[in-house]
Amino acid sequence: MKNYTEIDFKITDFIMGWEYDHKIIDELVEYFMKNKHLWSDGKTDAGVNKEWKDSQDCNIKPRFDHPFKNYFECLQKSFMEYWQKYNGNVFMQQVKIIEGMNFQYYKPGAGYKKWHCERTGPSSTKRVLVFMTFLNDVPDGGTEFLYQNLTIPAKKGLTIIWPSDFTHVHRGQITKENEKMIFTGWFSYSDNKQ
């Protein structure tokens, strides 16, 4: 795992990126493709709306066994680097992964087309940070951040972390030529009962 240096992340963007080993990514993709029976139409807070989000999703509970063990070891290191850079010595309640995580598959021409953020109402109020890993290379298929005026390229293994709030409204770039796969989830406030 190494810090991602091809993008000039400004400290005021509150976005950081890391490049994970492709072997780890291949393990995730293999799991995703072997479990197509778990796929369903992608949902937003408003339910299924293919004009907003056109995808096949596979939601899984947090799990840290194979093939996720190596991935989450990298993700934990990334989270700690992010937390140390931006949180400093501010006391905050414990933050960890408590919600289900999503594999998302987009056919050519599909994508998350609507500008959105990750904390939008009562069901997502505990979310603090978002993580997303690109599972394949997709020319012109990255993620656009509205207020940062920034597009993150879809590069296999690139993992980014950013705040879940309205300050980081984003959407997917839509490519008509290529498939796109990501793995995403949230670090949320924990009441230590989970």
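Structure above, values below:
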read-out	value
Dipole-positive endmost among 178, 132, 109 within the chain (Cβ charges, Cα centre)	132
Packing-based order for 8-15, 171-178, using average beta carbon neighbours within 10 Å, highest first	171-178, 8-15
Length-normalised contact order of the range 121-194 in % [C-alpha pairs under 8 Å, at least 6 apart]	44
Correct option for log10 I(q)/I(0) by the Debye sum over Cα atoms at q = 0.11, 0.15 Å⁻¹ [calculated from the coordinates] among (i) -0.59, -0.99; (ii) -0.46, -0.92; (iii) -0.71, -1.04	(ii)
FRET efficiency for residue 93 and residue 48, using Cβ-Cβ distance with R0 set to 30 Å, rounded to 0.05	0.35
Top of 57, 140, 45 by mean-square fluctuation, Gaussian network on the chain, Cα under 10 Å	45
Sites residue 12 and residue 123 - FRET efficiency at Förster radius 35 Å, r taken between beta-carbons, to 0.05	0.75
Nitroxide proxy distance, nm - points 7 Å out along Cα→Cβ at residue 26 and residue 84	3.1
Segment residue 34-residue 76, length gained on full extension (0.36 nm per residue, minus Cα span)	12.6 nm
Gained length - residue 114 relative to residue 41, 0.36 nm times residue gap less alpha-carbon distance	24.7 nm
Mean separation of Cα contacts under 8 Å, 6 or more apart, over the residue count of the chain: relative contact order %	27
The chain: most fluctuating residue of 80, 181, 101 per GNM, C-alpha cutoff 10 Å	80
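Each value in this text was obtained by applying a stated rule to the coordinates, not by laboratory testing. Bear in mind the structure is a predicted one, so any value in this text is a computation, not a measurement. Neighbour counts run over all protein chains shown; Cβ positions are idealised from the backbone, glycine included.
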